[in-house]
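Please treat every number below as a calculation from the coordinates, not as lab data. Predicted model, so just to flag it, every value in this text is computed and none were measured. Positions of Cβ are backbone-derived with ideal geometry, glycine not excepted, and every protein chain shown enters the neighbour counts.
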Amino acid sequence: MCPCRSAAVSSRTAQTTMERIATDNNGSYANVKEPKQLQEVEASIPTTEVNGAAYLFAAEGTGTTWTVTAKAGSASGDTFTISRAENGTITRTCTESGKGGCSGGKW
């Protein structure tokens, strides 16, 4: 069974956490350089793979943009990324390993 759904949920939780961090930092995402910083704000975000489970693999922000990526774990290898552009546009992309979850690079 693919933990892809869990990876997508981790990405969405990370997205919400990035916005929470910006609220506490005058609208800036620049303090975020790694997933652990999001986990410090939202403890439910896993930042390491445990028993093949999904986890937040990458998180990085600038003053006005950010990107978070979750991996579906070793059972799948799919990644799910959410990015915020400077104009506020949110983009969701994914890479697929052929084991389910990601279809055509979007989710």
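Here are the numbers for this structure:
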{"item": "Residues located in the stretch 10-40, provided they are exposed (fewer than 15 other Cβ atoms within 10 Å of the Cβ) and more than 19 Å from GLU86 (Cα to Cα)", "result": "GLU34, LYS36, GLU40"}
{"item": "Selection count, the stretch 41-68, where residues are exposed (fewer than 13 other Cβ atoms within 10 Å of the Cβ) and of a type in the set (A, V, I, L, M, F, W, C)", "result": "2"}
{"item": "Qualifying residue in the stretch 84-102 (condition: in contact (Cβ under 8 Å) with a residue 40 or more places away in the chain, in contact with a Lys or Arg (Cβ under 8 Å, 6 or more places away or on another chain), of a type in the set (Val, Ile, Thr) and closer than 15 Å to ALA8 by Cα)", "result": "yes"}
{"item": "The stretch 61-80 residues that are farther than 18 Å from MET18 by Cα and free of Cβ contacts under 8 Å to residues at least 60 places away in the same chain, paired with ones that are assigned to a loop (DSSP other than H, G, I, E, B) and not polar (S, T, N, Q) (beta carbon under 7 Å, 6 or more apart)", "result": "SER74/GLU49; SER74/GLY52; GLY77/LYS99"}
{"item": "Among residues of the stretch 1-32, those that are in a loop (DSSP other than H, G, I, E, B), more than 23 Å from ALA75 (Cβ to Cβ) and of a type outside the set (Phe, Trp, Tyr), counted", "result": "8"}
{"item": "Count of residues meeting criterion [farther than 8 Å from ALA7 by Cα and among the hydrophobic types (A, V, I, L, M, F, W, C)] in the stretch 45-80", "result": "9"}
{"item": "In the stretch 78-94, the residues that are crowded, with 17+ Cβ neighbours inside 10 Å and out of contact with any Cys (no Cβ under 9 Å at 6 or more places or on another chain)", "result": "ILE82, ARG84"}
{"item": "Residue selected from the stretch 33-75 under the condition assigned to a loop (DSSP other than H, G, I, E, B) and touching a Pro at 6+ places or on another chain (Cβ under 8 Å), by the criterion nearest to THR13 (Cα to Cα)", "result": "ILE45"}
{"item": "The listed residue being over 12 Å from ALA70 (Cβ atoms), free of Cβ contacts under 8 Å to residues at least 40 places away in the same chain and among the acidic types (Asp, Glu), out of GLU49, GLU42", "result": "GLU42"}
